[in-house]
Amino acid sequence: MLASFGELLEHAARRRRAVGAFTVYDATTAAAVLHAAERRGRGVMLLVSSQTLASPIGRRFVVAVRALADDARAPCCLQLDHETDMAAIEHALELGFGAVMADGSRLATDANAAFVAQAVSAAERHGAHVEAELGRVSGDEEIAAAATRGALTDPAEAAQFISATGANCLAVSIGNVHGRYAAPPRLDVDRLAAIRQAVGVPLSLHGASGIPDGDVLTAIDGGIVKVNVNTELRDRYFDVIEAQVADLRAGARLLDLQVKLDQSLARAVERKLMLLDGTDQTAVSPPSTV
């Protein structure tokens with residue numbers, strides 16, 4: 001069922017846990033995330049990248065994913081991720097996205113704030129919400145190349161930024177990156193604590209695929225309420241294809257491949273949801289390509 005971005009974050013914050021936000025690229029990945037959410041009885045967010053929305057299949061893909069989310073037995077919000085273009089944000093809101101990530105992090109702070117404030121105004125007209133980013137989470141969410149940490153979020157600046165923009169959620173840069181980590185990540189938990197103290201909105205952690213589980217839990221304890229996962233699922237997708245395609249190709253067994261993908265991706269998502277919920281992940285078998 002479709003759910004409010006704000007309500008999902010508020011529910012997680014009350015429980016001192018985090019909502020899982022997973023980037024989806026086709027109906028198979030979207031269905032797998034929703035299957036896992038249904039089994040765990042937890043709300044999730046389906047992230048659609050700005051590149052996917054802009055692609056030739058973008059509009060129809062969004063319509064399909066929104067229908068899958070609406071049919072799910074778990075609460076789900078559809079969010080446009082890392083969008084830098086206001087016209088695309090307006091288009092997404094018209095398509096029924098419950099939230100947009102208005103990414104002005106490459107801009108100067110004042111320009112970033114003006115961009116986000118404009119997105120907030122547009123979202124309010126549609127009953128939707130806005131996530132922003134302050135500082136710079138380096139790397140490319142669409143290209144899983146190695147990256148080092150970017151400009152870190154300044155707590156005092158964050159307080160002014162939220163006050164000026166009215167953003168509903170803030171993605172922080174505390175040593176996390178998009179894609180693969182060029183070196184083991186070291187999250188600045190003291191900085192996170194200061195940001196949490198300075199701002200009154202939920203905080204989001206991007207680039208969680210390469211962060212050790214213990215560090216993710218520490219970040220949640222420190223105030224993170226939303227955790228984005230992308231590279232981990234893409235790697236799992238290709239692992240399944242590499243392991244299965246030679247056997248299934250002979251009979252052109254496309255449906256069997258789709259089932260294998262769904263099962264493996266759903267297990268990976270379910271384990272991640274259990275981590276974010278603070279429950280025992282051993283209750284779910286590790287993702288498998290067989």
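Observations, loosely collected:
- Counting only Cβ charges, +1 for Lys and Arg and -1 for Asp and Glu, the dipole size of segment 203-263 around its Cα centre is about 260 debye.
- Placing +1 on the Cβ of every Lys and Arg and -1 on the Cβ of every Asp and Glu, with nothing else charged, gives segment 5-231 a dipole about its Cα centre of roughly 620 debye.
- Under 5 Å, built H, 5+ apart or other chain: amide partners of His82: Met101
- Furthest towards positive pole of dipole, Asn168, Val227, Gly200, structure part segment 5-231, Cβ charges: Val227
- The angle between the Cα long axis of helix 27-40 and the longest principal axis of the Cα atoms of the chain comes to about 80 degrees, rounded to the nearest 10.
- Neighbour-count ranking [beta-carbon atoms within 10 angstrom, fewest first] of Asp188, Asp221: Asp221, Asp188
- Taking His129, His91 and counting other C-beta atoms within 10 Å, the order from fewest to most: His91, His129
- By DSSP, the beta bridges lying fully in the chain are antiparallel in about 5 percent of cases.
- Highest mean first, the peptides 224-235, 48-59, 240-251 sorted by other C-beta atoms within 10 Å per residue fall in the order 224-235, 48-59, 240-251.
- Rounded if a/c under 1.5, otherwise prolate or oblate - segment 1-156, Cα gyration tensor axes: rounded
- Approximating the spin labels as points 7 Å out from Cα along Cα→Cβ, the Ala108-to-Ala243 distance works out to 5.2 nm.
- Centre-to-centre separation between the Cα atoms of segment 184-230 and those of segment 55-75: 28 Å.
- Under the criterion of Cα pairs below 8 Å and six or more residues apart, the relative contact order for the chain equals 19 percent.
Taken together, the values in this text are just the output of simple stated rules run on the coordinates, not laboratory data. Computed from a predicted structure; not experimentally measured. For neighbour counting, all protein chains shown are included, and Cβ atoms are generated from backbone atoms with ideal geometry for every residue, glycine included.
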